[in-house]
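Input: a single structure, listed below in structure tokens.
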Amino acid sequence: MPSFKVYRGSPDGIKESTTTKPDLTGDQVLVKITASGLCGTDLHYKKADIVLGHEGVGVVEELGPGVRHLKKGDRVGWGYLHDSCGICDECLQGQETYCPERKFYGEADLDQGSFAEAAVWREAFLFKVPDALTDEEAAPLNCGGATVWTALHKYGVPADATVGVLGVGGLGHLAIQFASKMGMNVVVLSHSDSKKDEAMQLGAHRFVATKGATKLDIGPSKLNALLITSSVPLEWDLYLPILHAEAIIFPITVDFGDFRIPAMPLIASGLRVQGTVVAARYEHIKMLEFAAEHGIKPIMMHFPLNKEGIEESMKTLEEGKMRYRGVLKP
Ligand SMILES: [Zn+2]
Ligand SMILES: [Zn+2]
């Protein structure tokens, strides 16, 4: 029976405990964790009694009797989705992230996560890490990368589109790289100029500071898509004029409140607000391949994967000081 150290949320800080799983059955795989990203969603659960972390990478250590493709020593990762039914409309269409029986971080398998020594997952929901990516580089791609990739790749944003990335943080700095390498014209919208040089180095074509602006000058092309990766509510008077007709608006940052937009411009310009959550497995695999092929790598701050390291990384993220994704290593 696999038994391993895990880190749980609690009202008074991170708690270390032990999870013991039954012997592996079916296509279950025991993964020894070598790196984990820290995602904004982990902060939502930091006081909940669940094992935290969902940007995991590790090495296959033990195989269940039904494992067909992975072998011991393979480097694998996983993200927000742990399992799905496999037979519903959504699953059969490759949209298993919307399966009614999906198993998501924070809702299922609360006794394990990537802030841990190891975890047991189904082979079918693990992804091989391409050779061009280190364990640390791959970790933040498993949720942050998957989320921005799906918005850019799945919903018909063409390569010649002008894409706005609002916010340069954990998600935004990855969105800039993916959109740029996909051939898109990337306009970064950020509060101040402080992240301008970095955004341009990541592949942005234009950088616009929004602080105090009454009008945004984004150049000749209006936005065909806008990825909102900041949790600040949008001043639509500022943003509606820079949207092209039929632009797609992706509210990506998790917010438990309502998403509000004035109805008339939405209708009159044929705008689309598109929800999207992480990545189905097909998209996830394409994202990892694309990142490996095009040298897309997160900018990271490193922390030890222990109680102190987790608490420190969460504090850094909460204070808005993460540049740009925290990665924990044992
Ligand atoms: Zn996440
Ligand atoms: Zn299903």
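What to note about this one:
Okay, residues lined up against (1) within 23 Å of GLU289 (Cα to Cα); (2) away from ligand 2 (no atom under 16 Å from the Cβ):
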residue	(1), (2)
PRO2	no, yes
LYS15	no, yes
LEU24	no, yes
TYR45	no, yes
HIS54	yes, yes
VAL59	yes, yes
GLY73	yes, yes
TRP78	yes, yes
CYS85	no, no
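- Test for PRO11: is it over 23 Å from the mean Cα position of the chain (by Cα), away from ligand 1 (no atom under 16 Å from the Cβ) and open to solvent by 60 Å² or more (accessible area, probe 1.4 Å): yes
- Pairs, first open to solvent by 30 Å² or more (accessible area, probe 1.4 Å) in segment 78-93, second within 8 Å of ligand 2 (Cβ to nearest atom) and among the hydrophobic types (A, V, I, L, M, F, W, C), C-beta under 8 Å, six or more apart: CYS85/CYS91; CYS85/CYS99; GLU90/CYS99
- Positions within segment 270-287 being more than 16 Å from ligand 1 (Cβ to nearest atom), under 28 Å from ILE242 (Cβ atoms) and not in a loop (DSSP other than H, G, I, E, B), in sequence order: ARG272, VAL273
- Any chance LYS286 is among the basic types (Lys, Arg) and within 16 Å of the chain's Cα centre (by Cα): yes
- Taking first residues from segment 35-64 that are farther than 28 Å from ASP23 by Cα and partners that are hydroxyl-bearing (Ser, Thr, Tyr) and modelled with pLDDT of 95 or more, the Cβ contacts under 6 Å between residues at least 6 apart in sequence or on separate chains come to LEU38/SER313.
- Of residues in segment 16-73 being small (Gly, Ala, Ser) and more than 18 Å from the chain's Cα centre (by Cα), the one surrounded by the fewest Cβ atoms within 10 Å (Cβ to Cβ): GLY73
- Count of residues meeting criterion [away from ligand 2 (no atom under 16 Å from the Cβ), open to solvent by 40 Å² or more (accessible area, probe 1.4 Å) and not aliphatic (A, V, I, L, M)] in segment 94-135: 6
The values are calculated or read from the model by the stated rules, or taken from the named source; none is laboratory data. Because the structure is predicted, anything quoted here is derived from the model rather than measured. Cβ atoms come from the backbone with ideal geometry, glycine included; neighbour counts cover every protein chain shown. In case anyone asks, the SASA skips ligands and DNA or RNA and just uses the protein heavy atoms, side chains included. Shrake-Rupley method; radii C 1.70, N 1.55, O 1.52, S 1.80 Å.
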